[in-house]
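Taking it in order: structure first as structure tokens, then the write-up.
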Amino acid sequence: MASIAVVGQFADIQGRPRRLWTQSLSWVLFLVGIFIYTQFSIVRHKENPEDRVVPSVSQLYHGIRSAVLEPAEEDDPLDDNATLAQRLTHSMLAKDTMSSAGRFFAAILLLIPAILIGLHMAVFPYAEALCLRFILFFDKIVALSLLPILFIAFGIGDWAKVMLMVIGVAPTLMLDTYNLAKAVPREQVVKAFTLKSSNLDVAYRVVLKQILPQIINSVRLNLKPLALFLFAGEMIVSSDGLAYRIGIMRRHMGMDIIIPYILWVAVLLFGLDALLKFANRRLHPWA
Amino acid sequence: MGLAARVIESEESSESTAAPALVAAPVEIALRDVSVSYPVGKGKSKTVLSKLNVEIRAGEFVAVLGETGCGKSTLLRMVLGQEFPTTGAIHVDGKLVTRIDARCGYVPQKYSLFPDRTMMQNVMYGPENAFCGWLGRVLPSYRRFKRQLRAEAEEQLLRMGLRSGDFHKYPHQLSGGMQQRVAIAQALMMKPPVLLMDEAFSALDPATRASLQQQLRTIWQQTRPTVLFVTHNTAEALLLGSRLLVLKPHREGSGESNVLLDMPLPQSSGTIAEREQSREFIELREYVKHKAYGSSSRQTEEAMEQETDESGDSL
């Protein structure tokens, strides 16, 4: 009877789970995933103790340990007396993370003009007439198809990867900002002009300020496409970075490194998303 | 002779549309041969306003009344500079209206406040813009100016019947009535020569509406801005206005003006609630009702019934 009641609650739209239930339920799928993986790994290792496709817990532990504490093979080894902090900062994971993060944040900074272009298109009719059709068309270009052109134009260094991310995400962000700014009630703009606002006041202090929480949400939604373009660039041409390492490890069947790297990327993106969400809530209590 | 009858007589015998005390006041808003048409499909257009000639003198409170679609909001938007006439010209404060500017204060029905600013910030927004600009905010004198401005804003908000404990609240934390009070205070802070109100009280409950009507009336009597008040509520128009402008929907091809009625309204003493109960007011309301809607179609009568239901008062 109790189980029927629990199942019934899952189908109840008006159900109100308690805090403990909510917290507990949110971890269930993680635990199920870990359980399925370990069972699968155990089965495979029974058949072949040297299996590297689904590494065991101990293989994963060693993989994580070497990634976090040891430098990459292509780097100079640290001397044995190195401190833990030195080991961490010179590790393969730290080096790859810093390389990828540098490209990632450079792309985010370069996306700020995209937001401003979207805003100006929505607020200034001449800017809209000039840019909208072009950006709607540009948005349909598959960014990855531009990769050869980017490599020719920017070389095989970091710029090509950063530009791939910017070109991949900028049109979406521009159009998103444009739609958000267009949705600001006309009354607000009219009211602002009657309160002696200049054109820039209306654009930046009325419209942009109102849509900023939604723009931040849009950036949050675009974190994954950004990472996707970053990975595409790093996997094709790079000498460092998280995706480069995953690509290298694929050749050696190094799943004990690949799986922790994939989870690390997910944790980083999840953390960045949570940080943006928190900042959004703190900076815009009215939203 | 009853007050309503005197008003009716005055309206029928006089050419002038302004109240006698304001005849000498300068013309604040002037609409000359204003017509507005919108394209509706291939080569066709719909005329909303036709041959509108109206002069509103400084200090008048003009209530604009009319059926849905008669062009009263269009009229207000044109005075504001948000829309432009197809033919004719509109002057506010002696200057041709070519764009929206601070000559007119504006209180819309909704979205009247900036959601990202507190009540106090909303009220201070206009004067801060007017006197500081972008660079003024970094000057040392800005803090002193802001203190003075805050005191003035507080005074304005208290005058609108708002409590100081609510000054830090955001619009989403305020009731509809409070939001409209703040919106009026925000517009008045700029001391505009003209105040435009577009169905500003129509989304409010009857009690809040009555209270706001009284406050607006008191403020108008004290400071005498020129007010153009668009409403679909006959009683509200008669209670608040010093002059009534009733518009009728344009009939295609008729070539007639939209103005059905343009008359001064009696300015008797007493509160709005007292005036609403008076025999003169009831007579006048019946007259306007008959004049504005008496010979119109069944649809109009239904619209009036709906109006009664919405506003909660009997027309």
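Residue-by-condition table, conditions (1) at pLDDT below 95; (2) under 30 Å from A:I152 (Cα atoms):
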position: A:L200; (1), (2): yes, no
position: A:V207; (1), (2): no, no
position: A:N217; (1), (2): no, no
position: A:G241; (1), (2): yes, yes
position: A:Y244; (1), (2): yes, yes
position: A:M255; (1), (2): yes, no
position: A:L268; (1), (2): no, no
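Starting from residues that are over 22 Å from A:S99 (Cβ atoms) and of a type in the set (D, E), keep the ones in region A:119-160 and report whichever is nearest to the chain's Cα centre (by Cα).
If we take residues in region A:119-160 being over 22 Å from A:S99 (Cβ atoms) and of a type in the set (D, E), then A:D139 is nearest to the chain's Cα centre (by Cα).
Kindly indicate whether any position in region B:206-219 is of a type in the set (D, E, K, R), assigned by TED's automatic domain parsing to the domain that holds B:A273 and closer than 17 Å to B:S242 by Cα.
yes
Condition first: within 12 Å of chain A (Cβ to nearest Cβ), closer than 13 Å to B:M189 by Cα and free of Cβ contacts under 8 Å to residues at least 12 places away in the same chain. Now tell me which residues in region B:117-151 satisfy that.
Those that are within 12 Å of chain A (Cβ to nearest Cβ), closer than 13 Å to B:M189 by Cα and free of Cβ contacts under 8 Å to residues at least 12 places away in the same chain: B:Q121, B:N129.
Any residue in region B:164-193 that is within 12 Å of chain A (Cβ to nearest Cβ) sitting within a Cβ distance under 8 Å of a residue that is surrounded by fewer than 18 Cβ atoms within 10 Å (Cβ to Cβ) and among the aromatic types (F, W, Y)? List the pairs, counting only those 6 or more apart or interchain.
Within 8 Å, the pairs are B:Y170/A:W286; B:P171/A:W286; B:H172/A:W286.
Return yes when B:A203 is in the same structural domain as B:R224 (by TED's automatic domain parsing), modelled with pLDDT under 85 and either under 24 Å from the mean Cα position of the chain (by Cα) or surrounded by fewer than 17 Cβ atoms within 10 Å (Cβ to Cβ) (or both) and no when it is not.
Yes: the conditions hold for B:A203.
Please indicate, with yes or no, whether at least one residue in region A:248-260 is in contact (Cβ under 8 Å) with a residue 60 or more places away in the chain, over 30 Å from A:S58 (Cα atoms) and assigned to a helix (DSSP H, G or I).
Step one: filter region A:248-260 for residues in contact (Cβ under 8 Å) with a residue 60 or more places away in the chain, giving A:253-257, A:259-260.
Imposing the further condition that a residue be over 30 Å from A:S58 (Cα atoms) reduces the set to none.
Scanning region A:248-260 turns up no residue that is in contact (Cβ under 8 Å) with a residue 60 or more places away in the chain, over 30 Å from A:S58 (Cα atoms) and assigned to a helix (DSSP H, G or I).
Which of the numbered conditions does A:I156 fail, given that it passes all the others? Conditions: (1) surrounded by fewer than 22 Cβ atoms within 10 Å (Cβ to Cβ); (2) part of a helix (DSSP H, G or I).
With (1) surrounded by fewer than 22 Cβ atoms within 10 Å (Cβ to Cβ); (2) part of a helix (DSSP H, G or I) applied to A:I156, the lone miss is (2).
Out of all the residues in region A:96-112, is one or more outside any helix (DSSP H, G or I), among the hydroxyl-bearing types (S, T, Y) and surrounded by 18 or more Cβ atoms within 10 Å (Cβ to Cβ)?
The answer is no; no qualifying residue exists.
Assuming A:P285 fulfils every condition listed in (1) within 14 Å of chain B (Cβ to nearest Cβ); (2) surrounded by fewer than 17 Cβ atoms within 10 Å (Cβ to Cβ); (3) part of a helix (DSSP H, G or I) apart from one, which condition is it?
All conditions pass for A:P285, except number (3).
Given the criterion at pLDDT below 90 and charged (D, E, K, R), identify the matching residue among B:R163, B:R209, B:R243.
After applying the criteria, what remains is B:R209.
Would you check which residues across region B:204-232 are in contact with a strand residue (DSSP E or B) (Cβ under 8 Å, 6 or more places away or on another chain) and in a loop (DSSP other than H, G, I, E, B) and list them?
B:P225, B:T231, B:H232
Here are some conditions: (1) among the small types (G, A, S); (2) outside the structural domain of B:L240 (by TED's automatic domain parsing); (3) surrounded by 20 or more Cβ atoms within 10 Å (Cβ to Cβ); (4) under 19 Å from the mean Cα position of the chain (by Cα). B:G126 meets all but one. Which one does it not meet?
All conditions pass for B:G126, except number (4).
Tally the residues that are assigned to a helix (DSSP H, G or I) and either touching a Pro at 6+ places or on another chain (Cβ under 8 Å) or without any contact (Cβ under 8 Å) to a residue 40 or more places away in the chain (or both), restricting the search to region A:48-87.
14
Can you find a residue that is within 14 Å of chain B (Cβ to nearest Cβ) and part of a helix (DSSP H, G or I) anywhere in region A:172-180?
yes
Under the condition of being surrounded by fewer than 22 Cβ atoms within 10 Å (Cβ to Cβ) and either more than 8 Å from chain B (Cβ to nearest Cβ) or among the polar types (S, T, N, Q) (or both), which residue from region A:187-196 is farthest from B:Y111 (Cα to Cα)?
Top of the filtered list is A:V189.
Which of the strands (runs of 3 or more DSSP E) contained wholly in region B:47-116 include at least 3 residues that are away from chain A (no Cβ under 14 Å)?
Qualifying strands (runs of 3 or more DSSP E): B:61-66, B:87-92.
The values are calculated or read from the model by the stated rules, or taken from the named source; none is laboratory data. Just so you know, these numbers come straight off a predicted model, no measurement behind them. Here the Cβ is made from the backbone with ideal geometry for all residues, glycine too, and neighbour counts use every protein chain on show.
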